[in-house]
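The values are calculated or read from the model by the stated rules, or taken from the named source; none is laboratory data. Because the structure is predicted, anything quoted here is derived from the model rather than measured. A quick note on method: Cβ atoms are made from the backbone with ideal geometry, for glycine too, and the neighbour counts reach across all protein chains shown. Each accessible area value is taken on the protein alone, full model and side chains, heavy atoms only, with ligands, DNA and RNA left out. Shrake-Rupley method; radii C 1.70, N 1.55, O 1.52, S 1.80 Å.
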Amino acid sequence: MGTLNLGNDGTINGVVKKPSHPYLLCQSNTGQVVNNNTNTILTSLFGNTRISQGGLSYNTSNGRITIPVAGLYRVRARVTDNNEGRWGNDHHFDVYLNGSAYQHVQLYYMPTGNWGNIWYCPSHVDIVVNCTSASDYIQFNFYQNSGSNQSLHSEFCSFEVYLIG
């Protein structure tokens, strides 16, 4: 625990910084193939770590985001198709907690279809995940049933995870 130093009148002046507050921002630096009709844990896709503080980190070998302290974490992520293809009728982008889907698969926002007017067919996740233990981990899963294997883009994918309470 730190010390809170108040001014003479009991106010705090200046900027409050929290360098130990868990926050992680990663971007894609390589593509990843998502096989047809297969749940795929996204692993090496997010290999460009922009900010990592407070013990949050991303492992590109297993796609795990380590949780340093129990709490509520805001998870926001976006993936895009590499070639503006269609994902099929039942594709979904999910957050996994400790190897299982965190909630029902309908936790994504996406376009209604790509008919040449939606670039790179993005899919988004924005959810709060309740991590009850410092040994918990978060992963991202993608499923598509377009009829063929598809690739996620090497530049237009990113995620951020941070402790909110």
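One table, with the values for the structure above:
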{"quantity": "Residue, surrounded by the most Cβ atoms within 10 Å (Cβ to Cβ), within the range 54-102, restricted to residues that are touching a Cys at 6+ places or on another chain (Cβ under 9 Å) and basic (Lys, Arg)", "calculated": "Arg78"}
{"quantity": "Qualifying residue in the range 109-120 (condition: modelled with pLDDT of 95 or more, touching a Gly at 6+ places or on another chain (Cβ under 9 Å) and surrounded by 16 or more Cβ atoms within 10 Å (Cβ to Cβ))", "calculated": "no"}
{"quantity": "Qualifying position, being out of contact with any strand residue (DSSP E or B) (no Cβ under 8 Å at 6 or more places or on another chain) and touching a residue at least 60 places away in the same chain (Cβ under 8 Å), among Asn29, Asn35, Asn39", "calculated": "Asn35"}
{"quantity": "Which listed residue, of Thr3, Thr66, is modelled with pLDDT of 75 or more and either farther than 27 Å from Phe156 by Cβ or in contact with a Leu (Cβ under 9 Å, 6 or more places away or on another chain) (or both)", "calculated": "Thr66"}
{"quantity": "Sole residue being open to solvent by less than 10 Å² (accessible area, probe 1.4 Å) and in contact (Cβ under 8 Å) with a residue 40 or more places away in the chain, chosen from Ser154, Ser123", "calculated": "Ser123"}
{"quantity": "Residue check, Ile12 over 12 Å from the mean Cα position of the chain (by Cα), of a type in the set (Val, Ile, Thr) and open to solvent by less than 50 Å² (accessible area, probe 1.4 Å)", "calculated": "no"}
{"quantity": "Count - residues of the range 48-92 that are in contact with an Asp or Glu (Cβ under 7 Å, 6 or more places away or on another chain) and of a type in the set (D, E, K, R)", "calculated": "1"}
